[in-house]
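Everything below concerns the one structure shown next.
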Amino acid sequence: GDESVASVSPASATTNAAGEAQATVTGGSAGNTVVTANAEGVSASAVVTVTVTEPVARRIEIVGISGDITNWHVTIDGVAQDPPRNPHEITVGPGDELTWRVEGGFHGVGFFGQANAEAILEFDPAVGQPRGASPGGLDAGWFGTEGISSGILARATVRADVASTELDFTCVVHGSSDIAVNNMRGKLVIP
C-alpha cells in the first residue's frame with residue numbers, strides 16, 4: 001500500500017494506507033520501542049537497553065621546558081599535542097586532572113583571577129608550589145606560583161559543577177600581565 005515515512009534519528013514514523021501510524025525508536029543495540037496507533041487505540045511494546053557512559057577524566061600535563069620561552073608543551077593522557085603553540089588553548093571537562101610542571105629552564109604559572117581559577121579548578125593543596133597573588137611580579141588580579149627550575153608547579157581537577165567558561169594562564173617568568181602579548185600563554189576552555 002501507500003506509505004509515507006518521516007525519520008528523525010534515532011526514531012522513524014510511518015503511516016500506511018489503512019491509517020495506522022507506527023513509530024520506531026531505537027534504544028541502543030539491544031532493542032527498539034514500537035508504538036502503533038489506529039482508530040481503535042494505541043498499543044506499545046518495548047525492548048529497550050540504554051547504556052549511559054560518563055565521560056572519562058583525562059590527565060593533562062602542561063610543561064615548561066628548557067630552551068623554550070614561548071610555548072607550553074601539552075600532553076593529554078600521555079600523547080603530545082603537537083605542535084606546541086602560543087597561546088595554547090586546551091578544551092577541558094569536569095574531572096580532568098591538570099598538572100603544570102617544569103622539566104627544565106625556569107617557569108611558574110599564573111592564572112587570571114583567583115576567584116575565577118578556584119571556581120573552575122580544585123587545586124590539590126598537597127601537590128605543587130605555594131600559590132599567591134601577583135606571582136612573578138604580575139599585576140594585581142593574577143594568582144599562581146613563583147618560578148622554579150624543576151618539579152610540579154600546580155595540580156588541579158576541573159570541578160564537576162563548572163559552567164561553560166574560559167581561564168587564561170601564563171608563565172610568570174616569560175609572560176606579562178598583558179595576556180595578549182605573552183609568551184607561554186594558554187587558555188583552558190570549558191565548552
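The values are calculated or read from the model by the stated rules, or taken from the named source; none is laboratory data. Keep in mind that this is a model prediction, so the values were computed, not measured. Cβ: placed from backbone, ideal geometry, glycine included. Neighbour counts: every protein chain shown.
Here are the numbers for the structure shown:
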{"read-out": "Flag for Ser164 being among the hydroxyl-bearing types (Ser, Thr, Tyr), over 24 Å from the mean Cα position of the chain (by Cα) and farther than 14 Å from Leu98 by Cβ", "value": "no"}
{"read-out": "Output for the range 155-166, where each listed residue is buried (at least 21 other Cβ atoms within 10 Å of the Cβ) and within 15 Å of Gly113 (Cβ to Cβ)", "value": "Ala156"}
{"read-out": "Of all residues making up the range 167-191, the number that are among the β-branched types (Val, Ile, Thr) and surrounded by 22 or more Cβ atoms within 10 Å (Cβ to Cβ)", "value": "3"}
{"read-out": "Members of the range 92-109 that are part of a strand (DSSP E or B) and closer than 19 Å to Ile190 by Cβ", "value": "Glu97, Leu98, Thr99, Trp100, Val109"}
{"read-out": "Options Gly108, Gly93: the member that is over 12 Å from the mean Cα position of the chain (by Cα) and either surrounded by 15 or more Cβ atoms within 10 Å (Cβ to Cβ) or at pLDDT 95 or above (or both)", "value": "Gly108"}
{"read-out": "Residue satisfying all of: in the range 156-176; touching a Phe, Trp or Tyr at 6+ places or on another chain (Cβ under 7 Å) and in a strand (DSSP E or B); farthest from Gly64 (Cα to Cα) among these", "value": "Leu167"}
{"read-out": "Which listed residue, of Thr145, Thr75, is more than 19 Å from the chain's Cα centre (by Cα) and under 17 Å from Met184 (Cβ atoms)", "value": "Thr145"}
{"read-out": "Long-range neighbours under 7 Å by Cβ, at least six apart or interchain, first residue under 14 Å from Ile60 (Cα atoms) within the range 153-164, second of a type in the set (S, T, N, Q)", "value": "Leu153/Gln129; Leu153/Thr145; Ala154/Gln129; Ala154/Thr145; Arg155/Thr99"}
{"read-out": "Verdict on Asn116 being closer than 20 Å to Ser149 by Cβ and polar (S, T, N, Q)", "value": "no"}
